[in-house]
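Working notes, structure below.
The values are calculated or read from the model by the stated rules, or taken from the named source; none is laboratory data. The shown structure was predicted, so the numbers you read here are calculated from the model rather than taken from an experiment. Neighbour counts run over all protein chains shown; Cβ positions are idealised from the backbone, glycine included. These accessible areas exclude ligands, DNA and RNA; they are computed on the full protein's heavy atoms, side chains included. Shrake-Rupley method; radii C 1.70, N 1.55, O 1.52, S 1.80 Å.
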Amino acid sequence: MSSRERVRLALEHKEPDCVPLDLGSTTVTGMHVDTVYRLRQALDLDPPGAPVKIIEPFQMLGEIKPDLINALNIDAVQLTGTGTAFGFPLEGWKEWKTFGGTPALVPNGFNTQTEPNGDLLLYPQGDRSAPASGRMPRGGFYFDVIVRQEPFKDEDLRVEDNLEELSVLSEAEVDHFRRRADELFTQTDKALVLNLGALSLGNISRIPGPGLKYPRGIRDVEEWYISLNTRRDHVYKIFERQTEINLTNLAKIHAVVGNKPTVAYLTGTDFGAQNGPFVSPRTYRGLFMPFHKQVNDWVHHNTTWKTFIHSCGSVWALVEDFIAAGFDILNPVQCSAANMNPFDLKKKFGSRITFWGGGVDTQGTLPFGSPREVREEVRERIRAFGSGGGFVFNAVHNVQALVPSENVLAMYRTAREFGSYPLRLNSAA
């Protein structure tokens, strides 16, 4: 069975030949560049010192190349645009090293400056003359977005200020999607996952405007969340206009890629914390759901794509609403959060939404457990989610830095070994 067919059947809640596997088809199912480098070395895919491209500088994600995809039997690949959260394009690669010593390649716009305390600053659009918009603490692994909120009065707020980073796609960008979709569809048998991160409404990693030199509007994280209640009408108008732009871009992309993609990753806005949702069901239904439903309805009416929502944390209280809004797929399925027991999730929602992720805990088991503990947890999660399809295996969110290669290999090898249908989950570990 081809990877594309395997994923399609799983999304139709049917059992393919085996549980599909993902690594790197989205910006929330990838792997930190340090871990990609060590894994490639462990698999003898590169000579020592061969650099890895950083394809997502905010989360420092490493490129998952075709040889690694094939080595791990991955079933999905990423179809994405040319930009980054910091406003510079993925082009003109140059050498760089992480704090962990990993040899990497970064885009030309990846221009850093070292602070006296050893922190690294990163700049919007690569322009060092503008205030820095990202900070990586000395010895750290990721860039934290720097909040650069300018003082404002409520009567001066304009909807367009919080939409400055959004625009109708250029013809060059649309042509990129066309060429890349054709390439991936004809040269691989993988399921294409169309990444459209700009569709996220109120994505807190983007609210501070890391790609803008001088962001205007509501750009402070705390102020934004307060505004969901105190300035609800204003936020609603922002979402309304953002959705208009998104629908225009969806139509432009669909016109050139057609139904080559299997999945469209539409939103990465987080609604859950460790112990429960930090957006109430009432707020979700009144402020986010109308626009999520509008976009999902457009996709389902005009395409064959399945729609993908990413939300970390404890979102049990919102899953029913995600389904009502038309989402087909939930990620990352953070089973360690409150009320996110995998067996309960499958029993309650498994016939109506696909779980993409949840395969192993990336906060505890994967980085700190033994290969045997990883193996046991993977088998348990396949037992919880696998029956009847509706499951695509991936770790809970991106595989982080410092995760041992032997644990990553144990994860994927166990998933393939015990993920064949009919599931052989009573076999000895």
Gain in length, GLU12 to GLU320, computed as 0.36 nm per residue apart minus the alpha-carbon separation, to one decimal in nm? 109.0 nm
Charge sum, other residues only, whose C-beta stays under 9 Å from PRO281's C-beta, Lys/Arg counted +1 and Asp/Glu -1: 0
Whole number in Å², please: accessible area per residue of region 231-339, 1.4 Å probe, ligands, DNA and RNA not counted. 35 Å²
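In whole percent, what relative contact order does region 57-136 give with Cα contacts below 8 Å and a gap of six or more residues?
Numbers: 96 pairs, mean separation 15.7, N = 80.
Once normalised by length, the contact order is 20 percent.
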Dipole of the chain [Lys/Arg +1, Asp/Glu -1 at C-beta], most positive-end residue of GLY24, SER3, VAL256: SER3
Value at 222 nm in deg cm²/dmol, rounded to 500, when DSSP H runs of n ≥ 4 in the chain each add -39,500 (n - 2.57): -10000 deg cm²/dmol
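Based on the mean of other Cβ atoms within 10 Å per residue, sort peptides 92-105, 363-376 so the most packed one is first.
Packing order, densest peptide first, comes out as 363-376, 92-105.
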Centre separation in Å (Cα based) which lies between region 358-376 and region 99-141: 31 Å
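List the chymotrypsin sites (Phe, Trp or Tyr not before Pro) within region 309-364 that DSSP assigns to loop and that have no more than 13 neighbouring Cβ atoms inside 10 Å. Display every interim value, and only then the final one.
Values: sites: TRP316, PHE322, PHE327, PHE343, PHE349, PHE355, TRP356; in loops: PHE327.
Nothing satisfies the criteria.
Summing +1 for each Lys or Arg and -1 for each Asp or Glu, what net charge is found among the other residues whose Cβ lies under 12 Å from the Cβ of PHE343? Don't skip to the end; give the middle numbers.
Details: positive: LYS346, LYS347, LYS348, ARG381, ARG383; negative: ASP344, GLU380.
Charge balance in the 12 Å sphere: +3.
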Per the charge dipole of the chain (beta-carbon charges, Lys/Arg positive, Asp/Glu negative, Cα centre), the residue among GLN334, GLY83, ILE207 reaching farthest to the positive end is GLN334
Arranged from highest to lowest average of other beta-carbon atoms within 10 Å per residue, in what order do the peptides 378-386, 118-126, 280-288 appear? 378-386, 118-126, 280-288
For the pairs LYS153/LYS213; LYS97/LYS293; LYS252/LYS347; LYS53/LYS153, note any where the Cα-Cα span goes beyond 32 Å. LYS97/LYS293; LYS252/LYS347; LYS53/LYS153
About its Cα centre, what dipole magnitude does region 66-126 give when the only charges are +1 on Lys and Arg Cβ and -1 on Asp and Glu Cβ, stated in debye to the nearest 20? 80 debye
Let's test the formula: R0 of 45 Å, r as the Cβ-Cβ distance of GLU183 and ASN229. What FRET efficiency results, to the nearest 0.05? 0.45
In whole Å, how far is the Cα centre of region 278-349 from that of region 182-246? 17 Å
Region 23-167, relative contact order in percent, only Cα pairs under 8 angstrom and at least six apart counted: 18 percent
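Quick one: putting +1 on the C-beta of Lys and Arg, -1 on the C-beta of Asp and Glu, what dipole do you get for region 282-336 around its Cα centre, in Debye to the nearest 20? Present the calculation step by step, with values, prior to reporting the outcome.
Details: 4 positive and 4 negative charges, 20 e Å.
Computed about the Cα centre, the dipole is about 100 debye.
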What order do you get for 387-400, 44-57, 78-91 when each peptide is scored by the mean count of other beta carbon atoms within 10 Å, highest first? 387-400, 78-91, 44-57
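Please get the size of the charge dipole for region 19-129, origin at its Cα centre, with Cβ charges of +1 on Lys and Arg and -1 on Asp and Glu, quoted in debye to the nearest 20. Present the calculation step by step, with values, prior to reporting the outcome.
Numbers: 7 positive and 13 negative charges, 28 e Å.
Roughly 140 debye for region 19-129.
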For TRP316, the net charge from surrounding residues (Cβ-Cβ under 15 Å; K, R +1; D, E -1) works out to 0
Go through PRO47, VAL106, VAL33 and say which Cα lies farthest out towards the positive end of the charge dipole of region 1-141; charges sit on Cβ, +1 for Lys and Arg, -1 for Asp and Glu. VAL106
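Given the Cα-Cα distance of GLU417 and GLU115 and 0.36 nm per residue of separation, how much length would full extension add, in nm?
Gain in length upon complete extension: 103.9 nm.
If you roll a 1.4 angstrom probe over the protein chains with everything in place, what fraction of the accessible area of the chain belongs to carbon and sulfur, to the nearest %? Don't jump to the answer; show the numbers that get you there.
Working: 8420 of 17230 Å².
Reported share for carbon and sulfur atoms: 49 percent.
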Using the heavy atoms of the protein chains alone and a 1.4 angstrom probe, what is the accessible area of region 1-86 per residue in square angstrom? 32 Å²
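Just want to confirm a number: the relative contact order over region 323-400, from Cα pairs under 8 angstrom separated by 6+ residues, in percent. Numbers along the way, then the final one.
On the way: 107 pairs, mean separation 30.7, N = 78.
Result for region 323-400 is 39 percent.
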